[in-house]
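Some notes on the structure that comes next.
The values are calculated or read from the model by the stated rules, or taken from the named source; none is laboratory data. Because the structure is a prediction, the values reported are computed rather than measured. For neighbour counting, all protein chains shown are included, and Cβ atoms are generated from backbone atoms with ideal geometry for every residue, glycine included. Please note that ligands, DNA and RNA were not included when accessible areas were found on the heavy atoms of the full protein model with its side chains. Shrake-Rupley method; radii C 1.70, N 1.55, O 1.52, S 1.80 Å.
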Amino acid sequence: MKKIALLILVICSQIIFSQANRFVYQVTMKPDSTDRNNTKSEIAHLDISGASSIFYGENRMKRDSIMGRMRQTGSFNFDRTQMQNLRSNLDFIIEKDYKTGKKLYQARILRDQYAYEEDRIMDWKILPETATIGEYKTQKAETQFAGRTWYAWFTTEIPFQDGPYKFSGLPGLIVKVEDSKGDYSFDLKEAKKINEIASFEQRGSTINIKRAAFEKQQEQFRKDPMAAISSASGGRGNMRIQMDPNQRKQMEDRQKEELKKNNNPIELK
């Protein structure tokens with residue numbers, strides 16, 4: 001009996017330590033600086049396992065999952081309304097390596113997948129102010145990052161020096177972080193154990209690029225999305241040739257309208 005009990009204990013211990021952690025954040029955004037009443041909210045996950053983490057929007061994961069199933073089955077019939085509802089302002093993935101301190105940002109511009117390593121240091125100033133947020137005792141900290149002043153509340157009760165988006169480096173998990181203008185806020189809503197962290201299927205090759213070069217590409221797309229779409233047509237094979245002109249015009253108009261309303265990015269510089 002003792003041997004059986006010991007075996008059960010070992011198995012249970014392996015299960016516990018093999019589990020990963022998921023922290024669920026509500027992200028509140030004001031993407032249009034000309035319409036301050038237009039507030040959007042999405043759910044995002046911070047998955048932590050071992051010495052690394054991954055941060056991503058829940059809608060991004062759902063869309064990728066649907067597309068993955070369609071590719072596996074060869075059936076590309078989908079609910080357009082459902083896919084439209086899963087469009088996300090958090091259409092990126094951020095991976096952090098605790099051992100090296102590297103933060104890898106991955107995002108698409110049209111059909112191209114880019115990745116860059118964050119090259120800016122996040123220098124925190126820990127403040128004396130404390131607060132209880134949910135069930136956690138937290139302390140306030142401040143930093144300047146990407147053109148905004150950010151205030152974070154972290155807890156040492158959760159021993160991960162991590163947080164949502166690119167935020168990390170405080171002596172505990174970031175429970176809440178918001179910018180001084182109230183444009184963006186990340187609020188922890190749930191913490192739970194999961195079997196493994198999320199993984200995303202990479203279609204095609206990833207273009208590794210410097211942050212400044214990625215931002216230049218992004219800015220060119222914002223200034224003239226139709227030119228970027230036309231440029232991307234080359235080398236795309238039959239898919240572009242078969243595209244109905246009306247569908248292409250609708251896509252161009254949608255891109256232009258979305259960019260017009262998303263003039264207040266989380267990173268201003």
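Condition check ((1) under 30 Å from A146 (Cβ atoms); (2) more than 22 Å from the chain's Cα centre (by Cα); (3) open to solvent by 100 Å² or more (accessible area, probe 1.4 Å); (4) modelled with pLDDT of 70 or more) across all residues:
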{"position": "I229", "(1), (2), (3), (4)": "yes, yes, no, no"}
{"position": "R236", "(1), (2), (3), (4)": "no, yes, no, no"}
{"position": "R240", "(1), (2), (3), (4)": "no, yes, no, no"}
{"position": "M243", "(1), (2), (3), (4)": "no, yes, no, no"}
{"position": "E257", "(1), (2), (3), (4)": "yes, yes, no, yes"}
{"position": "K261", "(1), (2), (3), (4)": "yes, no, yes, yes"}
{"position": "I266", "(1), (2), (3), (4)": "yes, no, no, yes"}
### Task
Could you pull out the residue among E219, E190, E196 that is charged (D, E, K, R) and either at pLDDT 95 or above or on the phi > 0 side of the Ramachandran plot (or both)?
E190
### Summary
So, first residue touching a residue at least 24 places away in the same chain (Cβ under 8 Å) and closer than 10 Å to I109 by Cα in segment 213-226, second residue surrounded by 14 or more Cβ atoms within 10 Å (Cβ to Cβ) and β-branched (V, I, T), Cβ within less than 6 Å, six or more apart or across chains; the pairs are Q217/I109; F221/I109
### Query
Is at least one residue of segment 187-202 open to solvent by 30 Å² or more (accessible area, probe 1.4 Å), without any contact (Cβ under 8 Å) to a residue 24 or more places away in the chain and not hydroxyl-bearing (S, T, Y)?
no
### Task
State whether the residues of segment 206-220 include one that is open to solvent by less than 20 Å² (accessible area, probe 1.4 Å), under 27 Å from N37 (Cβ atoms) and of a type outside the set (A, V, I, L, M).
no
### Task
Determine if segment 112-124 includes at least one residue that is closer than 14 Å to G172 by Cα and touching a residue at least 12 places away in the same chain (Cβ under 8 Å).
yes
